[in-house]
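Heads up, the thing below is written out as C-alpha cells.
The values are calculated or read from the model by the stated rules, or taken from the named source; none is laboratory data. As the structure is a prediction and not an experimental result, all values here were calculated from the model. Here the Cβ positions follow ideal geometry from the backbone for every residue, glycine too, while neighbour counts run over all protein chains shown.
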Amino acid sequence: MPEKAVYSPVHPAVHSSNHYRRRVSYENDNLGGNYCDHRGYTRCGHSPREREDHTAFERMKSLVGTWQGKDGEGKPVTISYKIVSAGTTLMETLDMAENKEAMITMYHPNGDKVMMTHYCSMGNQPRMRATGVSKDGQKISFKLIDVTNLADKKENYMHGLTFTFKDADHFSQEWTMLMEGKTEHPSVFEFERAK
C-alpha cells in the first residue's frame, strides 16, 4: 500500500501555521512505522534514513542470540544480544560468573554512524562512536566521545572497543580501559555462539 501523509496543524493561537503536531496514524497498517519528515509532517511507512544500509549496525545485529566465552583472565562469561525499541537498538547483556547482568551496552544508528553507551559495573557510562567497518567487514572499532558519572579524571573507564567477527559462530571483543587517566589496559573476550 502506498505511503500516506497525515497532517495535523496546531492551533494558530498556540503556534504559527508553519508548525505541525505529530500524530500517530495506522492508515497503511504499518504499526510503528510512522516518522516525522523534514517539514514536520507525520508520515506512514519507514523513513528514508531507516531504509539506508547501516553497514556497521547490520553487522552488529548478526550477533542476536546467546554466546559463551572467556574474559581476559580466562574466567567464563555469557553475553547475549537482542533487538529492542522497535528494531532501532541492539542491547548487549554481559553476565560474569555469578554477577548476572554485570554490564549492559546499547548500540544504535546515529545518521550514518553507530553509537553505543556502555553501562559499566564501575559506575560510569562511556559513550562511543564506531569509526566504521574494516574493508574485509570483519572489524568494527568504537572510539570514546565522552563519559558520564565520572567524578575524577583519574578514575578508570573504558575508552575503546573493537569487535572482530571471525565467522558466523565466533567473535571477540577487545575493550581498552584508561587507568588513572593515562595507562591503557586492553582486555580481550572470546565468544562462541551457544548451541
So which of GLY132, GLY74, GLY111 is modelled with pLDDT under 90 and over 22 Å from MET177 (Cα atoms)? GLY111
Only one of (1) among the small types (Gly, Ala, Ser); (2) touching a Ser or Thr at 6+ places or on another chain (Cβ under 6 Å); (3) in contact (Cβ under 8 Å) with a residue 40 or more places away in the chain does not apply to GLY111, and that is (2)
Subset of segment 97-151 [under 18 Å from MET60 (Cβ atoms), in contact with a strand residue (DSSP E or B) (Cβ under 7 Å, 6 or more places away or on another chain) and polar (S, T, N, Q)]: THR105, THR117, THR131, GLN138, SER141
From THR183, THR164, which residue is under 19 Å from the mean Cα position of the chain (by Cα), in the same structural domain as GLY72 (by TED's automatic domain parsing) and without any contact (Cβ under 8 Å) to a residue 60 or more places away in the chain? THR164
